[in-house]
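Please read the structure below before turning to the comments.
Nothing in this text is a laboratory measurement; each read-out follows from the coordinates by a stated rule. Remember, predicted model here, so these are calculated numbers, not experimental data. Reconstructed Cβ throughout: ideal geometry from the backbone, glycine too, with neighbour counts over all protein chains shown.
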Amino acid sequence: MSRTRAAGNTPRAGILTEDSGPVVVGILNITPDSFSDGGDFLDPEAAARHAVAMLDEGAGILDLGGESTRPGSDPVSQEEELQRLIPVIERIRAVRPEAVISVDTYRADTATAALETGARLINDVTALRGDPRMASLVAEAKCPLILMHMQGEPKTMQNEPHYEDVVREVKDFLVQRAECAISAGVRPENIILDPGIGFGKNLEHNLALLRNLEALVDLGFPVLVGASRKRFIGEISGVREAKERVFGTVATTVLAYEGGASYFRVHDVRANREALAVAEAVLRASRR
Ligand code: HH2
């Protein structure tokens, strides 16, 4: 049976409760080189202010990153990653202790320090392949875990992405990574799956995944979509400036919600939150 959105059939897992609707995940990149907001939030005070603004606009989760994974990016040292993340987590916790903070990292030591400082979710773009200690750490912490698909690695992933059948291959990969997480002791109800829009994927691949999200939703884990401001939106809309790709991003959010996704990782919280509220109301209305 297809799980494509109709009222009341959202898979419940991670931090979702029985009555939570779609969850907006606000992006906070504490980096000098992220593709759309690099350098904007390197100052911990500016980062914390932006975090609070996103919470006020309706973000249910904040996703903090200390290393860009944009195409062509280089990794940073773990020390640098921690120096960027920890002061910002501390500041957010001081002013909004109830905020749900996710950390975008593939390093177990970074995840440990972030969880100790008050983060509650781990967003691993390598789906537990980046650090052999990550699976057991998350299992022990009993925290939600986002498993994302990526072909290749950020430095070279957009050179020539290739698939026979992108939807089937992404689905098979995520099934295998979820099994790996569960066998390491991660609770199934803590797993969130993500097709990894733009990670080793061209325009056609991204569109196929967004159009066929139910292939992932049908696996029974909640699905997160992160299309915000990405290059394929610029290719379609002709908007070159990443920060101005908000309207195209909103289209992906609404369609992904209709396709069954539960979490939406975005830079522009208010626009996506309002669009989701309207989409939710329409989809809850009865159909003749
Ligand atoms: N996309 C980015 C980073 N992390 N995590 C998940 N789970 N899903 C995504 O689609 C995803 C992600 C890339 O976007 P952004 O954080 O805005 O840029 P950068 O990697 O340049 O910091």
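What Rg and what Dmax come out for the range 132-288 when only alpha-carbon atoms are used, in angstroms?
Cα only, the range 132-288: 16.3, 52 Å (Rg, Dmax).
Can you check what the net charge comes to around VAL170, using other residues whose Cβ is under 10 Å from the Cβ of VAL170 (Lys, Arg +1; Asp, Glu -1)?
So the surrounding residues net to -1.
Would you please give the FRET efficiency between GLN176 and ARG288, computed as 1/(1 + (r/R0)^6) with r the Cβ-Cβ distance and R0 = 41 Å, to the nearest 0.05?
The value I calculate is 0.45.
Counting only GluC sites (Glu not before Pro) that sit in a DSSP loop (anything but H, G, I, E, B) with at most 15 other Cβ atoms within 10 Å, what is the longest stretch of the chain containing none of them?
The longest such stretch corresponds to 19-97.
If each of GLU98 and THR156 carries a label point 7 Å out from its Cα toward its Cβ, how far apart are those two points in nm?
That separation, rounded to one decimal, is 4.9 nm.
Check cross-link reach from LYS201 to the lysines: straight Cα distance under 28 Å, and skip same-chain residues fewer than eight apart.
Of all the lysines, those that pass the test against LYS201 - Cα under 28 Å, at least 8 places apart if same chain - are LYS155, LYS171, LYS230, LYS243.
What FRET efficiency comes out for the pair GLU204/GLN83, r = Cβ-Cβ distance, R0 = 41 Å, nearest 0.05?
With a Förster radius of 41 Å, E is 0.55.
Given labels modelled 7 Å from the Cα in the Cβ direction, how far is it in nm from LEU42 to TYR163?
For LEU42 paired with TYR163, the spin-label model returns 3.5 nm.
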